[in-house]
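Notes follow once the structure below has been shown.
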Amino acid sequence: MSFVSVFDVLGPKMVGPSSSHTAGAAVIAYLAQKMITPPLVKADFTLYGSFAKTYHGHGTDRALLGGIMGFETDDIRIRDSFKIATERGLKYTFTPCDTETEVHPNTVDIRMENSGGRVMTVRGESLGGGKVRISRINGVAVDFAGEYSTVIVIQQDKPGVVAHITKVLSEANINIAFMRLFRESKGCTAYTIVESDGHFPEGIVEPLRENPNIKDVMIVEP
(Lines give C-alpha, C1' and ligand atoms only; values in the text may rest on other atoms or scores of the structure.)
Protein backbone atom coordinates (compact mmCIF):
# COMPACT_ATOMS: atom_id res chain seq x y z
CA MET A 1 0.00 0.00 0.00
CA SER A 2 1.40 3.41 -0.96
CA PHE A 3 1.98 6.09 1.66
CA VAL A 4 -0.21 9.21 1.57
CA SER A 5 1.07 12.28 3.38
CA VAL A 6 -1.29 14.50 5.34
CA PHE A 7 0.00 17.35 3.16
CA ASP A 8 -1.26 15.50 0.06
CA VAL A 9 -4.73 15.42 1.65
CA LEU A 10 -4.89 18.91 3.13
CA GLY A 11 -2.80 20.68 0.52
CA PRO A 12 -0.38 23.58 1.02
CA LYS A 13 -0.90 26.91 2.76
CA MET A 14 -1.93 29.15 -0.08
CA VAL A 15 -3.80 32.12 -1.46
CA GLY A 16 -6.26 31.07 -4.17
CA PRO A 17 -8.82 28.36 -4.96
CA SER A 18 -6.68 25.50 -6.30
CA SER A 19 -3.49 23.77 -5.16
CA SER A 20 -2.72 22.81 -8.76
CA HIS A 21 -3.65 26.03 -10.51
CA THR A 22 -2.59 28.61 -7.94
CA ALA A 23 -0.20 27.14 -5.33
CA GLY A 24 1.62 24.96 -7.87
CA ALA A 25 1.84 27.85 -10.32
CA ALA A 26 3.29 30.13 -7.64
CA VAL A 27 5.89 27.52 -6.68
CA ILE A 28 7.02 27.04 -10.29
CA ALA A 29 7.53 30.76 -10.80
CA TYR A 30 9.15 31.15 -7.37
CA LEU A 31 11.71 28.48 -8.25
CA ALA A 32 12.26 29.96 -11.71
CA GLN A 33 13.15 33.44 -10.42
CA LYS A 34 15.75 31.89 -8.11
CA MET A 35 17.70 30.82 -11.20
CA ILE A 36 18.43 34.29 -12.56
CA THR A 37 20.10 37.35 -11.05
CA PRO A 38 17.52 39.99 -10.02
CA PRO A 39 15.93 42.33 -10.72
CA LEU A 40 13.67 41.05 -13.46
CA VAL A 41 12.33 43.50 -16.01
CA LYS A 42 10.14 41.14 -18.02
CA ALA A 43 8.41 37.79 -17.59
CA ASP A 44 6.49 36.02 -20.36
CA PHE A 45 4.31 33.05 -19.48
CA THR A 46 3.11 30.48 -22.04
CA LEU A 47 0.41 28.23 -20.63
CA TYR A 48 -0.59 24.75 -21.78
CA GLY A 49 -3.46 22.33 -21.20
CA SER A 50 -5.66 23.08 -18.21
CA PHE A 51 -3.51 26.09 -17.33
CA ALA A 52 -4.30 27.60 -20.72
CA LYS A 53 -8.04 27.02 -20.37
CA THR A 54 -8.61 28.23 -16.80
CA TYR A 55 -5.64 30.44 -15.90
CA HIS A 56 -7.63 33.62 -15.37
CA GLY A 57 -10.59 32.14 -13.49
CA HIS A 58 -8.41 30.07 -11.16
CA GLY A 59 -5.95 32.86 -10.48
CA THR A 60 -3.05 31.05 -12.15
CA ASP A 61 -1.95 34.32 -13.74
CA ARG A 62 -1.85 36.13 -10.38
CA ALA A 63 -0.03 33.21 -8.79
CA LEU A 64 2.60 33.01 -11.54
CA LEU A 65 3.20 36.73 -11.39
CA GLY A 66 3.41 36.65 -7.60
CA GLY A 67 5.83 33.73 -7.65
CA ILE A 68 8.09 35.42 -10.19
CA MET A 69 8.30 38.40 -7.80
CA GLY A 70 9.36 36.07 -4.98
CA PHE A 71 6.00 35.70 -3.19
CA GLU A 72 5.42 32.36 -1.48
CA THR A 73 2.14 30.44 -1.81
CA ASP A 74 0.49 31.96 1.29
CA ASP A 75 1.58 35.55 0.63
CA ILE A 76 -1.56 37.70 0.44
CA ARG A 77 0.23 40.04 -1.97
CA ILE A 78 -0.56 37.46 -4.68
CA ARG A 79 -4.06 38.96 -4.80
CA ASP A 80 -2.56 42.27 -5.95
CA SER A 81 0.26 40.87 -8.07
CA PHE A 82 -0.80 42.75 -11.23
CA LYS A 83 -0.72 46.07 -9.40
CA ILE A 84 2.55 45.31 -7.62
CA ALA A 85 4.25 44.20 -10.86
CA THR A 86 3.22 47.46 -12.52
CA GLU A 87 4.54 49.47 -9.58
CA ARG A 88 7.86 47.60 -9.81
CA GLY A 89 8.14 48.19 -13.53
CA LEU A 90 7.94 44.47 -14.32
CA LYS A 91 6.49 43.84 -17.76
CA TYR A 92 4.61 40.58 -18.28
CA THR A 93 2.48 38.65 -20.75
CA PHE A 94 0.30 35.53 -20.57
CA THR A 95 -0.14 33.47 -23.74
CA PRO A 96 -2.35 30.35 -23.81
CA CYS A 97 -1.13 27.68 -26.24
CA ASP A 98 -3.50 25.04 -27.61
CA THR A 99 -1.28 23.71 -30.41
CA GLU A 100 1.24 21.79 -28.27
CA THR A 101 -0.73 19.03 -26.55
CA GLU A 102 1.91 16.43 -25.66
CA VAL A 103 2.65 18.06 -22.31
CA HIS A 104 1.49 17.69 -18.73
CA PRO A 105 -1.99 19.29 -18.35
CA ASN A 106 -0.70 21.98 -15.96
CA THR A 107 2.42 23.22 -17.74
CA VAL A 108 3.92 26.69 -18.09
CA ASP A 109 6.95 28.00 -19.93
CA ILE A 110 8.49 31.07 -18.31
CA ARG A 111 10.82 33.39 -20.20
CA MET A 112 12.62 35.77 -17.84
CA GLU A 113 14.77 38.78 -18.64
CA ASN A 114 16.75 40.69 -16.02
CA SER A 115 18.03 44.24 -15.96
CA GLY A 116 21.41 43.10 -17.31
CA GLY A 117 19.80 41.72 -20.45
CA ARG A 118 20.23 38.07 -19.51
CA VAL A 119 17.42 35.77 -20.66
CA MET A 120 16.50 32.40 -19.17
CA THR A 121 13.63 30.02 -19.88
CA VAL A 122 12.15 27.49 -17.47
CA ARG A 123 9.37 24.94 -17.98
CA GLY A 124 7.43 23.76 -14.93
CA GLU A 125 4.61 21.31 -14.30
CA SER A 126 2.11 21.51 -11.43
CA LEU A 127 1.51 17.98 -10.18
CA GLY A 128 -1.20 18.59 -7.58
CA GLY A 129 -1.19 19.42 -3.90
CA GLY A 130 1.25 22.25 -4.50
CA LYS A 131 3.95 19.86 -5.73
CA VAL A 132 5.78 20.75 -8.94
CA ARG A 133 8.44 19.52 -11.34
CA ILE A 134 10.90 21.67 -13.25
CA SER A 135 11.26 19.82 -16.57
CA ARG A 136 13.32 22.20 -18.74
CA ILE A 137 15.93 24.90 -18.30
CA ASN A 138 16.88 26.85 -21.42
CA GLY A 139 15.36 24.11 -23.56
CA VAL A 140 17.34 21.29 -21.94
CA ALA A 141 15.26 18.52 -20.34
CA VAL A 142 15.88 18.34 -16.57
CA ASP A 143 14.00 16.93 -13.60
CA PHE A 144 13.84 18.35 -10.09
CA ALA A 145 11.10 19.31 -7.68
CA GLY A 146 12.62 22.09 -5.59
CA GLU A 147 11.84 20.26 -2.35
CA TYR A 148 15.51 20.11 -1.34
CA SER A 149 18.21 22.75 -1.27
CA THR A 150 19.51 22.60 -4.83
CA VAL A 151 22.60 23.77 -6.67
CA ILE A 152 22.34 23.98 -10.45
CA VAL A 153 25.61 24.11 -12.37
CA ILE A 154 25.58 25.17 -16.01
CA GLN A 155 28.68 23.77 -17.67
CA GLN A 156 30.38 22.69 -20.84
CA ASP A 157 30.13 18.92 -21.12
CA LYS A 158 33.84 18.17 -20.60
CA PRO A 159 35.74 15.50 -18.63
CA GLY A 160 36.54 16.44 -15.06
CA VAL A 161 33.75 18.95 -14.47
CA VAL A 162 31.53 16.61 -12.44
CA ALA A 163 34.57 15.45 -10.44
CA HIS A 164 35.33 19.10 -9.65
CA ILE A 165 31.76 19.65 -8.45
CA THR A 166 31.74 16.62 -6.17
CA LYS A 167 35.18 17.53 -4.78
CA VAL A 168 34.06 21.05 -3.85
CA LEU A 169 30.86 19.79 -2.23
CA SER A 170 32.72 17.06 -0.35
CA GLU A 171 35.25 19.56 1.03
CA ALA A 172 32.32 21.72 2.20
CA ASN A 173 30.84 18.68 3.99
CA ILE A 174 27.69 18.73 1.84
CA ASN A 175 25.52 15.62 2.14
CA ILE A 176 24.22 14.87 -1.37
CA ALA A 177 20.69 13.50 -1.51
CA PHE A 178 20.43 13.37 -5.33
CA MET A 179 22.81 14.26 -8.14
CA ARG A 180 21.97 14.13 -11.84
CA LEU A 181 23.50 15.34 -15.08
CA PHE A 182 21.42 16.57 -18.01
CA ARG A 183 22.86 17.71 -21.35
CA GLU A 184 21.86 18.85 -24.81
CA SER A 185 24.29 16.40 -26.42
CA LYS A 186 27.85 15.19 -25.94
CA GLY A 187 30.29 18.10 -25.55
CA CYS A 188 27.54 20.77 -25.46
CA THR A 189 25.86 22.62 -22.60
CA ALA A 190 25.05 20.43 -19.60
CA TYR A 191 23.33 20.94 -16.27
CA THR A 192 24.45 19.21 -13.08
CA ILE A 193 21.70 19.36 -10.47
CA VAL A 194 22.64 18.48 -6.90
CA GLU A 195 20.00 18.28 -4.15
CA SER A 196 21.10 18.29 -0.53
CA ASP A 197 19.48 17.45 2.80
CA GLY A 198 20.89 20.65 4.29
CA HIS A 199 21.41 24.21 3.15
CA PHE A 200 24.39 25.05 0.98
CA PRO A 201 26.85 27.26 2.90
CA GLU A 202 27.67 30.80 1.91
CA GLY A 203 30.71 30.97 -0.33
CA ILE A 204 30.11 27.63 -2.07
CA VAL A 205 29.51 29.27 -5.45
CA GLU A 206 33.00 30.73 -5.88
CA PRO A 207 34.99 27.47 -5.64
CA LEU A 208 32.52 25.76 -7.96
CA ARG A 209 33.11 28.47 -10.58
CA GLU A 210 36.87 27.96 -10.49
CA ASN A 211 36.62 25.27 -13.15
CA PRO A 212 36.90 27.05 -16.54
CA ASN A 213 34.21 24.83 -18.07
CA ILE A 214 31.58 25.98 -15.57
CA LYS A 215 29.51 28.84 -16.97
CA ASP A 216 27.19 29.60 -14.05
CA VAL A 217 26.12 28.33 -10.65
CA MET A 218 22.68 28.88 -9.10
CA ILE A 219 21.46 28.06 -5.59
CA VAL A 220 17.73 27.32 -5.25
CA GLU A 221 16.47 27.01 -1.69
CA PRO A 222 13.00 25.46 -1.09
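The values are calculated or read from the model by the stated rules, or taken from the named source; none is laboratory data. Fair warning: this is a prediction, and the values are worked out from it, not measured in the lab. Heads up, the Cβs are rebuilt from the backbone with ideal geometry, glycines too, and the neighbour counts pull from every protein chain shown.
Within this structure, Gly124 passes the test of being buried (at least 16 other Cβ atoms within 10 Å of the Cβ) and in the same structural domain as Tyr30 (by TED's automatic domain parsing). With respect to the conditions (1) closer than 18 Å to Ile134 by Cα; (2) charged (D, E, K, R); (3) surrounded by 23 or more Cβ atoms within 10 Å (Cβ to Cβ), Arg62 lacks only one, and its number is (1). For region 149-160, filtering for residues that are within 22 Å of Thr37 (Cβ to Cβ) and surrounded by fewer than 19 Cβ atoms within 10 Å (Cβ to Cβ) leaves 3. Per the listing Pro12, Pro39, Pro17, the residue uniquely surrounded by fewer than 23 Cβ atoms within 10 Å (Cβ to Cβ) and modelled with pLDDT of 95 or more is Pro39. For Gly124, indicate whether it is under 28 Å from Gly89 (Cα atoms), part of a loop (DSSP other than H, G, I, E, B) and within 11 Å of the chain's Cα centre (by Cα). Answer is no for this residue.
For region 163-175, a residue qualifies if it is under 20 Å from Met35 (Cβ atoms) and in contact with a strand residue (DSSP E or B) (Cβ under 7 Å, 6 or more places away or on another chain), and the qualifying residues are Ile165, Leu169, Ile174.
Taking the numbered list (1) over 28 Å from Thr73 (Cβ atoms); (2) buried (at least 17 other Cβ atoms within 10 Å of the Cβ) in turn, Val217 passes all entries but (1).
The criterion of at least 3 residues that are in contact (Cβ under 8 Å) with a residue 24 or more places away in the chain and aliphatic (A, V, I, L, M) is met, among strands (runs of 3 or more DSSP E) falling completely within region 127-222, by 131-137, 140-144, 149-156, 189-196, 214-220. If the condition is being at pLDDT below 95 and outside any helix (DSSP H, G or I), then region 56-96 contributes His56, Gly57, His58, Gly59, Glu72, Thr73, Asp74, Asp75. Listed by first and then second residue, the pairs linking a residue in region 98-111 that is in a loop (DSSP other than H, G, I, E, B) to a residue that is surrounded by 12 or more Cβ atoms within 10 Å (Cβ to Cβ) and of a type outside the set (Phe, Trp, Tyr), with Cβ atoms under 7 Å apart and 6 or more places separating them unless they lie on different chains, are Asp98/Ala52; Val103/Gly49; His104/Gly49; His104/Glu125; Pro105/Gly49; Pro105/Ser50. For region 111-122, the criterion of being modelled with pLDDT of 95 or more and within 15 Å of Phe51 (Cα to Cα) is met by no residue.
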